[in-house]
């Protein structure tokens, strides 16, 4: 028997085993008809993908099997979703048609497969607006059948788990798309386990060094962490048993992504992140005693450990819009460490882990009958179907809305409305009705008059006041946070601008007719250029608004003067890639990927990369390549929205790089004392002989804080400086910050 035959035999065994695992994972009794349909779907997929292989070299059928496994086991979806997972790539990648699938499996399966086919590669378009348009289509499909997006998330999760076999450029692009849109979407749908894994896997490729550092640290501290959890729970056991509660305790570390976020936002090293893990107490109790039993457990925990009153979160009384229910508190545990404790029932835990799918499962029991997620989906649909749902604006607004915390406010009749934290009276008005938002002049808040920009708090009762004379103004954008409000205000201004532009166009047409000139694109461009305007539409608008004095506008003179100009031999030409363009940059300091090796490049001011940072190149329009750090605040948006303009970049070997100074910034803070500034400046200037470009330090109530801009050669030198400042005094903490 040949090696090839042995390999095929092994592969077949792997495929059969994976198929059986999928069947085991469907947590319900399968009828004979269910099994027949699943087997038929698997057979079609197996045959359609027979000669296809993934980048890793394994048979392609392994991917649909893995997606089906995630749908069944990790999300808790049923037979229809498993069938769709098996078939999700067939219409796009093979000769199988949607009509054939409709004939064999019915309209519902065909609708879901069609949705998955439309959104496959949603973010893989070369043009950003096309990408965003497809994202809109994806969300429209989502509001028809949420299983489309759940299967899509399972598909993305498996792709992320197997991303090692892709090229570095594809890894960056797919990882950033995942962090930018898919992880927040999983969060919004209540799939917290999947959201955390997607974030961690994205971080693994976007910030490899930081990811590996935290992963190693977590492994090193695992034993002592488990010991601490045992010590924490020991005093509670007897009380929990005395109350007759069936319970299970889990201690889990925070995700690597969230630990890195804490390190970054709190400017602390790994050792000083106090809530590295959370303790979860899960009780098995009937639905009708859930709330009281959760509070019993809370009472037991706080009898033994002092709670932080500012860190109590009650999502048992008022669940989140995605169905999440849990009681969170932070208490002072042994050895003076803050510990987050999450208290929930088995039902709540399943909803927390499996999100929307589990939420549906429990609806039949009369729980969560009006699931807030349905309301959220209908609002998404309303925005999408707006005539002015500009794709890019929507994508940005939607992205911001995905992660927001919620507040609960009431109408005058006592109806509960859920809004993002930070919402204003105006957001509430638009949430009730678009016309009410447009005409809103203020509100009665708990019977007290407040302006439209007043920020709402949990529990507020709001009565909107309106007037037909009220009209939106540009300032409204500064205090609305909901996607719906922003979309409706934008739509209003667009309509106003369209009307004004039409009037301006008519004015200009009359002027052309009077001057006996042709009203065409070339002549209009000449006029716009004369008034230093980017677009002809701006010209129409300024004419209508009388920002251009039409009485002094001599279009014949402008056009004739422009056409009479001789060609300018010194006029700048479009930037072309050539090696000499690097003349004023450090020679070969950065090596770009082969196809773009000779393009001129510069360093992005938003993150000021220095040698030693992980970097990538972004092809700009007219300014060559901009080099960014992969941890740049703008990196995710650039990579996910403009993936086709991302290129590989790395620092040249140290011996080839001339010693050039790069600008970087550090933040210093600590306890104010006599001579503290001298310690810092002496360490930098005298001891390390590093040039400071600027320094600003302020003191307030015994503490100081400041920024120092330095000229350094690489990250190693910057780390040496920061270490030296820390070692110089226990009263000082220091960390790197972005100049922007």
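Derivation of every value follows stated rules applied to the coordinates shown; laboratory data play no part. Model, not experiment: these values are computed from the prediction. Neighbour counts run over all protein chains shown; Cβ positions are idealised from the backbone, glycine included.
Taking every pair of alpha-carbon atoms in the stretch 634-740, give the share separated by more than 17 Å as a whole percent. So the pairs more than 17 Å apart make up 60 percent of the total in the stretch 634-740. Three principal axis extents describe the C-alpha atoms of the stretch 251-333; from largest down they are 44, 32, 22 Å. The alpha carbon centroids of the stretch 174-202 and the stretch 277-316 are separated by 27 Å.
So what's the gap between the Cα centers of the stretch 526-545 and the stretch 661-740, to the nearest angstrom? The two parts, judged by their Cα centres, are 49 Å apart.
In terms of packing, defined here as the mean over residues of other Cβ atoms within 10 angstrom, the peptides 699-708, 194-203, 451-460, 41-50 line up highest first as 194-203, 41-50, 451-460, 699-708. When only alpha carbons are used to place a centre, the stretch 403-454 and the stretch 29-102 end up 46 Å from one another. For the stretch 215-363, a Kirkwood hydrodynamic radius built from all Cα pairs, placed in the Stokes-Einstein relation at 20 °C and 1.002 mPa s, yields a translational diffusion coefficient of 131 µm²/s. Highest-first packing order for the peptide set 211-219, 151-159 is 151-159, 211-219, based on the mean count of other beta carbon atoms within 10 Å. As a rough guide to protection, the peptides 690-698, 347-355 ranked by mean Cβ packing within 10 Å, highest first, stand as 347-355, 690-698.
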